Structure formats: structure tokens, C-alpha cells
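Reading through the C-alpha cells given below for one structure.
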Amino acid sequence: MSQQIHAGSSVSHTSFLDLWREKNDQLVRQAKVVQDTQLSLRRQQLAQDTLEGLRKLLWGLQGLPATVPVLPLELTVTCNFIILRVSLAQGFTEDLAQDIQRSLKRVLETQEHLEPRLQQSLRELWESVLHASSLLPELLSALHLLAGLQAALWLSTDHLGDLAILLQTLNGSQGRTSEDLLLLFKSWNPPVEKSDGPLTLQNAQSLRAVLLTAFAYQQGLQELITGNLPRALRNLHEAASGLCTRPVLVQVYTALGTCLRKMENPQRALLYLIEALKVGTDCSLPLLEASRLYRQLGDTSAELESLELLVEALSVIRSSKSPQLLIEAELLLPQPDQASPLHCVTPSQAKHLLASRCLQIGREEDAAEHYLDLLALLLDGSEPRFSLLPCPPGPCVPEVFLETAAALIQAGRAQDAFTVCEELLSRTSSLLPKMSQLREGARKGSKELPYCQLWVSATHLLQGQAWVHLKAPKEAVSEFSRCLELLFCTTPEDKEQGAGFNYEQGCSSEAALQQLRVAALISRGLVWVASNQDTKALKDFLLSVQIFPGSRDASYYLLQTLRRLDRKDDATALWQRLEAQTELTQKEATRSLPLYLETYLSWIHPTDCETFLEEFRTSLLEPHDQ
Amino acid sequence: MADAARRVSYLAGFSCPLGGLAAGKPRVLCHEAEVFLSTGSEFVYVYDQEGGLLTAVYQFPDQVWHLQLLARRGALYVLCARKGVYCLSVEPGSSAASRAGEDSLGGELPCPVVPVDPAACAVPDVALCAFAVLDDLLVTLVQGPAQWKMQLFERPHPGEDPQLGGPIGEVELSTCNPPAGVPEKPAAPRFLPVLCCMFPPGARDPHGHSQGHGGFVLKEALFGLLFGADATLLESPVILCGLPDGQLCCVVLKALATSRSAPGDPKALVKILHHLEEPAVFIGALKTERPAEEAAEEVLPEEGQHSDCLVALGHQGRALAIKASWNESGSLVPELREYWLPGPMLCAACGAGGRVYLSTPLDLCVVDLAQGSAPSDPQQPHRDLGSLPLELCPTSLSICSVLTLSVSSRTPAGGTELLALTAKGRLVSCSVDLNSKKTDSARVSVANAGQRIKELLSGIGDISERVSFLKKAVDQRNKALTSLNEAMNVSCALLSSREGPRPVSCTTTTAWSRVQLQDVLMATCLLENSSCFSLERGWTLCVQVLASASALDLGAAGPAVTYTIPVDSLGPGSRREVTLPLGPSESGEFELPVTVSCTLFYSLREVVGGALAPADPLEAPFLEEQPLDLLPEQEGICLPLSKHTVDMLQCLRFPSLVAAHTQAPRLPGPAHDPVDAFLETCQPPGSQPSGPASLRAKYLPPSSASVRVSAELLRAALEAARSGVPLCSATLQWLLAENPAVDIIRARALSSIQGVAPDGTDIHLVISEVAVTDLSPAGPIQAVDIQVESPSLADMCRAHHAIVGRMQAMVTKQAAQGASAPDLRLQYLRQIHTNHEALLREVQALRDRLCTEDEASSCATAQRLLQVYKQLRNPSLVLL
């Protein structure tokens, strides 16, 4: 009698186990069908349903006391649940640790001598479970998969110490404390799943391969950033030879390119970039890197070409591929931040890069066209995808306007430059102080004026230069004067006020303010010179030298004017000072200036400076000899 | 201001749950004559104001949290809890077409309920908490595990295949605390974040967004000041976001386009404007500048609509207003002012003329932000930059518990029409005419007298509702105070009377009774209030029943069960009886002795908590935590009353005695004792059959123990009770004093008795007088020998423990009275002492051996141990 009852209960037990197993297998198959569903919405809902199914199944299993025959299924369901959850959420969350912890405690509950202690850390739990697992060979395959997930969690949360100990325990080598995680990953050999076991979404072997790639890549990238290039190269090679998806492969190849470029190995770098382009999913990263490489090589036409291609590549709307319902290397990689060499650019940033490089290299026609395109993209905004402004640390939007105007002036399109300047002025007018009050404030000696004065005065400066190009000295002088008027009311401290509300700091600086003043004074002086009003010119040049004694250009023009006015003593004194100066001071001062100002300063740079100075020197010597 | 003229008219009623609707989730939107409304349930109603009827009801799969209408595009966007954003077409005609054939569903509602197609879910996301729709963009706010994430999508169109590519851009905002609840199924958040879109004046056609529907056009100066030159230059819309932690941050939408390889940097994209330090419930903008009469013509109608003041409201009533102004040197500076208004805020809306309508559970009021700005001085060059008022004075509109507000687009000339949904589910329209009072009295004529009366009546209705609500709150507070006072009196009385009878007492007695074919030992606790105060609501009697861990270690505490019995009302002189079972437990075992402790507990949470949280359901969701957090964790007053130990002697039953009087219920006999069954099977086949009793006697002699007490000591202790009764009988009476059978024992003057333990085994108590000879040099000492005998070792131990306990109590008492000990023979005592020490040492050794030995030898050890224990239980000592 009693035997019959026993037999009956065991039958129902196994049949329940079979039912649950069947449910697990069916959910896994469903998830694999969902994988291939095209419609993103339906896909998401189906995947969510599958996740719910797995959760309910898990609840059912965990409602029973833990027993060894049921545990392999329970652990497999837990793994499937975690895999699906992570791939749906596209990231690891801290509470996954609790799921893992619960499973481990359940394993320990079956072992009488290994009752889970309270407050046992996850690492200690793993140790006791893996020691106990030698007694439970049927659990081994599921435990290795769970350990793989734990490794992924620790890798993504940067718990490398725990990870190393886990891998050592998995490899059964506690004695040998090899700290090289890469080696540990390589020597980890998860058991092959039995063909008759419950289905899994992802097996331990593939998880191990993904972890290996992700870890190697992550390490390589970190070492690339810290400058440990040979080790970075080794790790990245490891990542490239591992199992990774095509987007990750592109990133790895690009990182290899960057690494080799920094190791002064441009030809090999180029080969990797070409490899990356051949993978063919996303060309923008390798193209950006290629432009940097060509820039380093000094091959401007190739650099511009790759930038043009980059702009084109970014303008193509890529259909975002829905992610796999598996744990892939992407999930384990941190998002590239601004400092990362793999941080890509937005379309507008790419366009700006191209335009500014054209301007710097001296292809002003192209620069002007690119700048106008960029402004159109930014201001039109019909396509939200393209209407983005360049992010810091790039220039802010007003500076893009100013660069555009500078490029247009350089390309000889003064009228267009006026249009751009007018646009800038009209759009910022509301932010400017009222002029009546400004004058009042200036009279009172108040120095509190908004920072955005800098851009407005720069606009006037460019407008003045445009008038110079149009041979209209009167208008030019009035613009320069306007510019100077604004500039002398502005102090760099102004950017402090309203700091909580404005984040344009950094766009203005003391150096920029000083250089703007010098540039405006020299420009006005040059107009006076052109209209033969040397005394007025003298005043402006003198003032500019006083503002910034290190400016060679200003000193040169002053010297020239003094000489023209035949004030030999002053000229000689100035020349001696000029001789004593090194050329470094001016170079240093112009180093960190905004591009529009740099361009502007190049316009007013005297071309025949050295010959004049030589001539002056001889002329100085002649009368001395006489 | 205080004389605001208003007219309230009731439009429709919607079903609301018992206790009213919850705040935070209902929404009302109006577009021309149509009103779109959600009450926080899964329905969205469309009501036609002109026809005065419902035209459509949409049913969603879960609660609706937010609505937004893009009227120009004929699209309604609905946030469905734990599902995502749905997009519906509300073009006139299209809804009717989709309703065809659904008539059968509309049972109780005048129009059919249309279940929304799951395919209309445009942005599925279980964690989506807020959204805002722009002309071509959709901004959503998702609650991540640790951070809020803002995502930007291209605007989905109704009716289209909702196949959104991924988000165009996304950025993470500040940290957030995920709502409590099971991590798998998060509870609905108490506060939803608030999103609001701000447009620069030149923005490409923001007119699709009528004001109040999630979008405002700000004046250039304010826009540039708040959001920077980049946003101004790009003419980009900006999303303002008010988070439940009080943070106000903004994101320039044109900057928010990111990709996986170029993710958004929160530091560059998200700017924190302010921190309210309480959940943000509303963000809006309004025009505070009052157009000068002569200048009104010059201003373009569009230009005049632009808002020059940003307003944000926190749940506790903190309000923030920001305007742009110039300082004396001419630069643009923000003018920022914080106000504290009476909270909690349920909802708010910005109206014309610088007015903000605020709703609290008590009132709907208006504040005027334009009052500070002097209207129009042509001489002053910057008249558009008036300053904010120093203080805000809310003007009551006398409508309470409005959950959601909408400023109607059909604004009557000179006034404002508000649409409001109250907590009772009523949709009302309220026209507010804040300036018309002066002419009001003159206008009363026969023609509008009827209208006037109607208004007055509805006003009276509103006010009476409000009065009853306030009265209720006051009553509740008074009640709580009275109750607290009483509680203090009771506590003082109890705590100050350490000696003598306590004003509130609790006595415990035990008795056997038969419940469901099983004998159960019931304890009866009698709570008696002999004080002059009464115990009211809030008091609970806590009875803790603490069983001992096991028979072999009777001192250790075992499992405890606590019964909590609310004392509803116990007036002076009244008593309450509580009966509760002590055993047997489910496994049929009795873990004696059992300690029954009675405590009075006064719950502050129940009494004061109820008063602090007004019974109004409107506030309940907000207040359920806050005031109670002020109270400590285990808030309450705890007064111990009594402690009573129930031991074996009290639980003994004497069927042999009772049988003489009444037919005693059959006790669970030892018929099914497994030991007997075993003994039966052990019988050798040839032997003559004998009953288990004899076998038991043969193989399992009963365990026994004895206690000796000097007769003198007992006589002294039992003086009062012993009046002519022999000492042995008196001792038995004393031992069984708390047993119900004591009367029979007294009547028959028994000196030995056979009882039955709770589990059915027999227990013999034999009391005899003996003379102890060797102890005293003065000759033999008269002593009383109390012998306990039972086949069950455990029961014997329990009885012995009980007897020893009583003896100890008695001896302590006698010692206090200074009874002198007789002369003793020390040598003899010492020897007994050494004997006992030797025995104890042997016990220790045997126990140690028991742990290490294997089964065969441990059996012998155990037997020896039992013998030693037996020796120990029969001491030659006498209690003197």
C-alpha cells in the first residue's frame, strides 16, 4: 500500500518536471521565433510575453523546496530569464545579482552540510556552490552558464577582482593566483551541454566567447586611452580574433587603427581601417579615424576626401537593427564618452569638421560652401535628424556663424558674409543690453555687461572687414568703431554672472578679448593708412601695442607709421624693443583662439614684415655711420 | 481681487471609485466644443460640450496617465500605464467610422465603448512615465533602474503602421529612485514627472499647440536667458522637465540627436534650472505684462501671446516664477522668485492676464502674477519687464478638490472658462470673470435674475460640500485629541500604581474545553478596568503566549504567539474576557510550561495618524506616508499588565474524580500509543497474552521523582489554608490550587491522586509524611515527601519542574518572613553534596561520551545516563 503511494507521487513528480521542462523549451523556441520577427512593436510585445512566461515558470519552480532532480531545470530557466531580460533591457542591472544569489542559495539548500549562511557575499556563495557542485555533476552545465552570466554582470559593473576569483574557482585552480583575466577566460572550459537537457537561449561556450572578446576589447581600449600602446595592441588583436558581431568588429579594427597610428605605424593602421570599411556595417568610425590619420600624414586631399565621405555616410539613415535576444559583446561594452577615440561625431559635427578643415587648409571656396550647408542644416530643422548643433567641446553656434562669415569673406563673398552677420545680430538682439542703458552704464564706469557682447563685437569686426573688401572705408571704420566701443565695455569676468543660467563659458576668454581689440584697432588703423590719415592710424596702432605689447604685427604697423611720419627716435626705440622680443609670444597668444579670430588675424598679418625690418635695420645703421 | 465673479455649471458625471478619484493622473483637455477626459481609469471619454453628451469612449488595456491632443493633426496621444504611448485619430468622422458595429458593447453608457487596438501603441515601453508631443517630434521620459532617460522619436501618425525606428536621440537625466514594489512589476509611481515644451518666438509654426496643451511660446529674452544663445540661435524647442524629486531641468531638442557611437553627454545636453525640493506637479508659462490701452493696437496679436514668465509648482505648494529683466547696468538677468502657497497641490493651469489657477483639496484659487507689473508706462523704455510680485495672495473660487484643470479655448470675452474634473468624478465648467464685479450689481435685472439664482444655488452647493469636508476634518482632530488625553490618563494611572491593586488589571485562568472533537486547553484573560477612565479606540490588548522549547530544557524559551485584541471601548468598571487556545499545537504536542503575558498597547498611528491624514481620499495618496513618517517606527504606548505561567499542575485532569460526578469526556487514552503497538508486536509467540499495561510495567517502569519538604516549612506556609486538614492533603490542595479539580480534592481530603497529562499519559502524585533521621542532631525531622510518577519521562519532568517552581516561590517567601532553619548535621549534608557533585560530573562525562560514541555503545551510555538522572531526582535532601 505504502509503496504504491510512493510510486504514485514520484510519477506525478516527474510528470510535473516534464511539464515544466516542456514549458521552458517552448518558451525558448518562442523567443527564437520572436528573434526573426521583423515588426519591432510586435517583436517587443512577444519578447515581453516570453519573459513573463519564463518569470512565471521560475516562480513555480522556486515555490517548491529545492531538490537535486529539479535544480538543473530551475537553473536553466533562471539563465534563460536573465539572458532574455538583459537583452530586452539592453544592459545589466544590479538586481540581476539577486536572481543569481537566489539560485545559488537554492543549490546550497540541497546540501545539508552547506546551509547558506546569512550575509554571505555573492563571491562566497559562488565558492561554496562550486565546491558543492563536484558532488552534483548533473548541475555542472547549468552552473557554468549561470557563472558566465555572473561574469558578464561583474564585467559590466567593473568588479574584476571578484571576476578573477570566480574564474579561478571555475577552472579549479585556486592555488595558482593568475591575475591575468584574459588567460583565465581562455582556460575556462565550460562543459558541453547534453543534447537531452532543457533548451537554453545561449549556451555557455558562446557566452564565454562573447565575454572573452568583450573583455579583451575593453582592456585594449582602456590601455589605448592610458597610452600603454603595445598591450593595447595585444588585447585588441585578441578581441579581433574572437567571436564578435560586425559592428563590434568595425570598432575593434578602428581601435587597432588608432593604436597603430599612435605607434607611428600609419601604413598598418591604414590596412586595418580598410579592413573595417570592408566589414561594411558602419563606415563613419573608420572614416573619422582615417581623416585623423591623413591629417597626421599631412595628406590634406585624402583627409578632406575621407571627411566628405564621413559626412555622406552619416547622412544615410541607417535602419537600426533590432538587437538579438542574446548576450552580445555590445552589451558588455561601455558607451564611448567624449574622450574615447571611438566616440563618433554627429552629422553636423562632421560637416563642421570638414568646413573648418577646409578653412584652415586654405580652401576657402569649399569652406564657404560647407559652412553655408551646415548653417542651412542647423537652422532649417525640417529633418530632425540633421538639425543638431555641434556639442561642446566644439564651437558653440554663434561661433559657427562667425566662422561662416570669415570663410565667406576669405572666399571673396563679402555680401554673403553680411547676410550671415545680419542673421546672427538679429537672432541675438534680444539677449543684448539695450543701447541706451549700455551707454549709461559705460558712463558710470560699470563693467557688468553680458558675455555675448564678444560675439556681437566680433560680428561687427567681420562686417568691417567685409566693407574693406568692398572698398568702402567709411562704413568699415564705423563698424570697427562700433566693435571697439562694445569691446571696451566688456570684461572677461562678465561670463561669471548668470553662470547658473548660461553655459557658454569657454567660448569667450581673456585672450580672445585682447586679440579682438588688437585686431579691431589694427584693422581701423589700416583703413586710416589706406586713406592717408597717418596720425589717426598712429593713434590706433599705438593703442594696440599698449593693449598687447607682445603683438609683433601691431608693433610692425606702428613702426611703419612712425617711420612714415618721420619720427625716427620713437621708431628706433620701438625697433629695439621689437628686436629683443622673440616671436614666440605672439604665436603662443594666438594658439587657443577661436577659428574665426585666427582666420581674421591671418588677414591682417603683414606679408613683407621681415624685408621691412631688414630694410629698417640697414636704414638705421646708415645714418649712424654717417 | 477677492470679489471674483464666477459661474459654475455641471456638465457631466463620470464613474469614480469609492472614496473618490486619485489625484495626479486624471486629465481634461478641450478643443473647441470637444472635451477629452481621463479619470485615471482605463477609459478616455470624449464629451461634446455643445450637445452635452458623450460622443466616444475609448478603452485602453491599463490605466491612462496622460493625454495630449495635437488638434491640428487630429491626433490624440495617450499614455497608458505599463504599456506605452498610444496614438489615436480623432478626426471628426473617423471615430464614428471605427465605432460602427460596436453598438452591442455600450450597455450602460450612452455611446459605445471602443477598445483600442493594441497596434495603436506607437511607443511601447513598460517604464514610460511621461511624454510630450510636438509638431514632428515625440519626447518620452522613461524610468530606468537608476536614471530617468529622455528619448526623442519622430512623431508617430495615427493610423499609420506604427513602425518607429529606434529613438533619434536619448540622454539620461539625473538619478531617480525606482518605485517600491516587486522589482518585476513596479508599483505605479506616486508622482509622475511633468514635461512641458517651450518654443522660441520665431520657431517654425508652434501654433499647433494651443496654450496649456503642453506647449508655450516664450518671449525671446526669457527664452535666451533660460536656455542659452545656442537654443535661441537655432530656434529650437526646449523640453522642460519637472521630476518627482523636485528637479527642474531642460533639454534643447535640436541638440538631442545621438547615436550609439556618439551618445549624448548629459553634462552638455541637460541643464538643471532649479530644484523645488518637492515633487514637481506643474510647469507652465504665462504673460504677466498687461498691454497698455493705447499700445495694445501696436502689438501684433501673435506677439502679444508670448509668455514672459515661467512658472513651476511643487506638490507641497512651493511655487517658482522666473522672468527676464535688465539690471541697472542694462544686462539681462533672471528674476527668480519663490513663493509658498498652501499645499498640497493637485493641479494647476495658467490663464490669461497673468493668472495661475491652483487646486488644493480644500479650494480652487487664483493667484495673480501680473499684479506687480505696473500696467503700461510709455515713458519707461522697458515696460515689458515688470517685476514679479513679492507675495502671492490666493483668491478663492470656492470649488474644492479639483483634480485636473483646463483653460477652455472658448474663452468668453473678458473672462476665463475653466473645465475641471472634481474628485467625485464631476466635469464642471467654471467661468471666472475677475474684473466684472463693478458692473455686476447694476446688471441684475429681471432677465438674468434666474441665472443669478442658479449661480447662487450652485455656489451654495459647493460651499456646503466644502464646509462638510472641513467639519469632518476638525471633528476627527478633536476626537484624536480626546482619545490621546484619555490614553495619557490611563497610562499615568497604571504606571504610578506600582503597589496595591492596579487600576487596570488582567487575570489569566485556564480550563479545558472541547473544540471540534478535541480537548483544548483554553486560557481566559479577564481585562478589568477599575479605573475611572475608559479605554477607547486605539487600545489593544496584546497577549503573548510563550511555550517552552522542550521538555528536557524547560527554562529555554520556545516559539511565541502574540494575539492582538482591539479594546474597542471599555468603560470604568467594565470587564472584557478573552479566551484563547494554549494547546495542543498542530502536531498534538503540549509544550508546557506556557507563559501568558498580557500587555496593553496604545497605537498612536491609529489615532493620531488618522487625524493627521484627513479622511479625504484626495489627500490620501499623498499623505499616506508623510505625516506618519513623523511618528517613530513602533509608535505607541506599551503597558505591561500581567504575566502568568501555566504549568503541568494546572493542566492535569482527573477523570477518576470527575467520573463520580458527571460523565467525563473520553480522554485520549494510550490506546494508539506507538510504544504499546511495539510492545504488542514484541511479544514472544508462545507466551501468554497480556495487556500492554503489564508489559509496560515489565519493560518500561514509570519514571519517578520526588521532592522532600520539611513539614514545619509547609505548615508555616500553608497556615491559612490548613484548618484542621491533614498536612498531606493540604499540600496537595496547595499544589493543585489553580486546577479546576481543587474543590473535589478539598472535599475528599485526598493525599494522593492519579491524573492525566494533556497528552493522555498518567501522572501519579503521592504525598506522604516521612521522618528524616540522619539530618539533624536534634533527632528526626518531620518531612513531606512529594512523589511524581509517570510512564512518560517528559510529562514527569514537567510535573517535577512545576512542583519545584512552586517550592522555590514558597521558600523565597518564607525566607523573606525570616523563618529560622533547624539545627542540621553538617557532615551529612556535606556528604550528600559530594555525592551529588560526583553524580553531576558523571552526567557531564556521559553526555560528552554520547556525542562521540557510535550507536551500539551510545545505547548503553544513554541508559546509564537515565539511571544517574533518576538518582539525581531522588535527593536525600529536604527543603527546610
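Observations on the model:
- Scalar couplings 3J(HN,Hα) for the range A:157-172, obtained by applying the Karplus form with A = 6.51, B = -1.76, C = 1.60 to θ = phi - 60°, are 9, 6, 9, 6, x, 4, 4, 4, 5, 4, 5, 4, 5, 4, 7, x Hz; x denotes Gly and Pro.
- In the A-B interface, the accessible area buried, summed over both sides, Å² (probe 1.4 Å): 5000 Å²
- Summed side-chain charge close to B:SER41 - residues other than B:SER41 whose Cβ falls under 11 Å, Lys, Arg +1, Asp, Glu -1: -1
- Taking all Cα pairs closer than 8 Å and separated by 6 or more residues, the relative contact order of the range A:16-189 comes to 17 percent.
- Legend: residue pairs A:LYS194/B:LYS149; A:LYS471/B:LYS254; B:LYS83/B:LYS271, Cα-Cα distance threshold 32 Å; pairs beyond threshold, A:LYS194/B:LYS149; A:LYS471/B:LYS254.
- Label-reachable residues, the range B:455-480, where backbone N falls under 16 Å from a point 7 Å from B:SER9's Cα toward its Cβ: B:455-459
- When you restrict to C-alpha pairs under 8 Å that are six or more residues apart and normalise by the size of the range A:207-316, the relative contact order lands at 19 percent.
- For the range A:16-189, the equivalent ellipsoid built from the Cα gyration tensor has semi-axes of 28, 21, 14 Å, listed from largest to smallest.
- Less than 5 angstrom separates the built amide H of B:LEU276 from those of B:GLN247, B:LEU248, all sequence-distant by 5 or more or on a different chain.
- Cα gyration tensor, the range A:13-98 - rounded (a/c under 1.5), prolate or oblate: oblate
- Its residue count N sets the reference 2.2 N^0.38 Å, and the alpha-carbon radius of gyration of the range B:469-518 equals 2.05 times that reference.
- Put simply, the amide H of B:SER531, placed in the peptide plane, has neighbours under 5 Å in B:GLY573, leaving out anything fewer than 5 places away on its chain.
- Neighbouring Cβ atoms from other chains, within 10 Å of the Cβ of residues in B:220-231, number 6 on average.
- The range A:207-316 shape via C-alpha gyration tensor axes, a/c threshold 1.5: oblate
- Rounded to the nearest 10 Å², the accessible area of A:TYR557 at probe 1.4 Å: 20 Å²
- Using 0.36 nm per residue and subtracting the Cα-Cα separation, the extra length available between B:LEU866 and B:GLN518 on full extension is 121.9 nm.
The values are calculated or read from the model by the stated rules, or taken from the named source; none is laboratory data. Quick caveat, the model's predicted, so the values are computed rather than measured. We place every Cβ from the backbone using ideal geometry, glycine too, and count neighbours over all the protein chains shown. Just so you know, the surface numbers come from the protein's heavy atoms only, side chains and all, with ligands and any DNA or RNA stripped out. Shrake-Rupley method; radii C 1.70, N 1.55, O 1.52, S 1.80 Å.
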